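Contents: one structure, followed by commentary.
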Protein chains: 2
Amino acid sequence: MPRLLIVEDDDRIRLSLRLALEDEGYTVRDVPTAEEGLAEHRAAPADLVLVDLMLPGMDGFECIRAMRRLGDVPIVVVSARDDTHDVVAALEAGADDYVVKPVAVKELSARLRALRRRASGSGEGAPAVRRFGEIELRPEAGEVLLGDEHVHLTRTEFRLLCELADQSGRVLSRQQLLNRVWGYDVYGDERLVDVHVGRLRRKVERDPANPVHVVTVRGLGYKLAT
Amino acid sequence: MPRLLIVEDDDRIRLSLRLALEDEGYTVRDVPTAEEGLAEHRAAPADLVLVDLMLPGMDGFECIRAMRRLGDVPIVVVSARDDTHDVVAALEAGADDYVVKPVAVKELSARLRALRRRASGSGEGAPAVRRFGEIELRPEAGEVLLGDEHVHLTRTEFRLLCELADQSGRVLSRQQLLNRVWGYDVYGDERLVDVHVGRLRRKVERDPANPVHVVTVRGLGYKLAT
DNA sequence: CCGTGCCGTGACGGTCTCGTGACGGTGGAC
DNA sequence: GTCCACCGTCACGAGACCGTCACGGCACGG
């Protein structure tokens, strides 16, 4: 579900990283150069970026700095050089972590999870399960419980609920939800949000006509009651 | 002066870490056991925690989980074991980073800086809640409390209250309020403000006939009493 | 005491937002 | 190819909300 961007010039490593991390549930794009990586990221920001340091053309440090100027996306350096000087330079440039090739996929994946947890706003420890009244949300497992019964949500409904949960208690406007759930370049009809909120309510509210979890704030948007 | 807590049982390593990181500008406390670390953290939360994994008594994993339950303080593991399994377990337990001894102080310091940057960025910036007498205003949540009971405001009433709150104690003329709340550049009817002030008072004043929060300043406008 | 502004409030019609049902398109599973 | 879950668009009704108006009360200066 989270969108991952890999910037790595070695085809074999790029492919193996891609396959390994797709297995971990990421939606992966991969490019061989910093320039392409920046273009991709500008077009559709990723939730995580993996970047090599030694790249043809613009190098990894420059790439990191450029991405930092665009936003605060978590950046992990994957480098062949196990050198303190490089580590410090990369972190100073704005990277969040630095792992040395050859990477253990399990470790990389754990580091990505830790980073995402930390980067995603209020980042509470490692609950992996969040409660909002009767709703129990398990993002890792991709499942939701109402009371103790399973409810099946579609992908869009699930992402919608997750976004609301990440900012629970705070109002999110329709435009914000469009950006976060559907993507950044959508200028679609904001009523689309209403429809999916309605569908979501039918599944996670005891009385969908009088929602207690997914609450409308008239004129502003929606929020998830804490 | 960020406060750093070191939990490490080896006296020599603990001392050298302490000295090195004090040089980097941290205010350091150090303890040799997880139990003491937790007690210290409970007594006065640190901004960063360094923890060893192999500790006498309660081990590092337990220590991390316990601290996670207390809050979202950034935690870095400093361990002698360079083992993927340990790294994954520590990160899953809630750690943010994992470095292997012997540590390069420059790298550790850079990692701490990167982590602090990340943790403070997404952490709680402003309290986002303002009090005026009995009124509690939460712009993020789009909600207002009078005492401890929720009051429902319409969008216009909410904006009106926010504008008054932004300039609390100072008088705002009807024209200023029209400009800020309604965005008019036209000279609309100033009586419109009166009507909404009246409606607002009915909701946020115990005795709307004798308002103590939203106060009229005859001939000038309105202000929000501090 | 009186008049003149200034302010508070109730009522009302128009407008806008939101919730929902219906429908056609699509992409993946088999 | 066929089916089915899911998605996005649309239209419509209900209710919330807004802005206007008119009326009455209250604070001032004379």
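Here are a few things to note about the model shown:
- Peptide B:137-149 - average C-beta neighbours from other chains (10 Å radius): 3
- Shielding by partners - mean other protein chain Cβ count within 10 Å, residues of A:109-119: 5
- About its Cα centre, the protein assembly as shown has a charge dipole of approximately 2180 debye under the convention of +1 per Lys or Arg Cβ and -1 per Asp or Glu Cβ, with nothing else charged.
- Less than 5 angstrom separates the built amide H of A:PHE132 from those of A:LEU137, all sequence-distant by 5 or more or on a different chain.
- In nanometers and ordered shortest first, the copy-to-copy spacing of the B:SER16 label point, defined 7 Å from Cα toward Cβ, is 3.4.
- Cα-projected label distance for B:VAL171 with B:LEU19, points at 7 Å along beta-carbon direction, nm: 6.7
- Sequence-distant lysines (8 or more away, or on other chains) whose Cα lies within less than 27 Å of B:LYS203: A:LYS223, B:LYS223
- Under the convention that each Lys and Arg Cβ holds +1 and each Asp and Glu Cβ holds -1, the size of the dipole of chain B around its Cα centre is about 1400 debye.
- When you restrict to C-alpha pairs under 8 Å that are six or more residues apart and normalise by the size of the range B:130-224, the relative contact order lands at 28 percent.
- Furthest towards positive pole of dipole, A:ILE75, A:ILE135, B:CYS63, structure part the protein assembly as shown, Cβ charges: A:ILE135
- Within 10 Å of the Cβ of each residue in A:86-95, the mean number of Cβ atoms contributed by other protein chains is 4.
- Helical content of the protein assembly as shown, expressed as a calculated mean residue ellipticity at 222 nm, amounts to -12000 deg cm²/dmol (DSSP H runs of 4 or more residues, -39,500 (n - 2.57) each, divided by residue number, nearest 500).
- In degrees, nearest ten, helix A:84-93 long axis to first principal axis of chain A (Cα): 50
- Alpha-carbon centroids, the range A:146-181 and the range B:164-226: separation in whole Å: 36
- Residue-wise HN-Hα coupling along the range A:100-106, computed from phi with Karplus coefficients 6.51, -1.76, 1.60 (Hz; x: Gly, Pro): 9, 6, x, 8, 7, 4, 4
- Between this copy and the others, label points of B:ARG113 are 3.1 nm apart in ascending order, each placed 7 angstrom from Cα in the Cβ direction.
- Each copy carries A:LEU220; placing its label point 7 Å along the C-beta direction from Cα gives inter-copy distances of 3.0 nm, listed from smallest up.
- In percent, rounded to a whole number, the relative contact order of chain B is 12, using alpha-carbon pairs under 8 Å and six or more apart.
- Beta bridges assigned by DSSP with both partners in chain A are antiparallel in approximately 50 percent of cases.
Any read-out appearing in this document is the output of simple, stated calculations on the displayed coordinates, not a laboratory observation. Computed from a prediction, not measured in an experiment: that's the story for all the values here. When we count neighbours, we look across all protein chains shown, and the Cβ atoms used for this are built from the backbone with ideal geometry, even at glycine.
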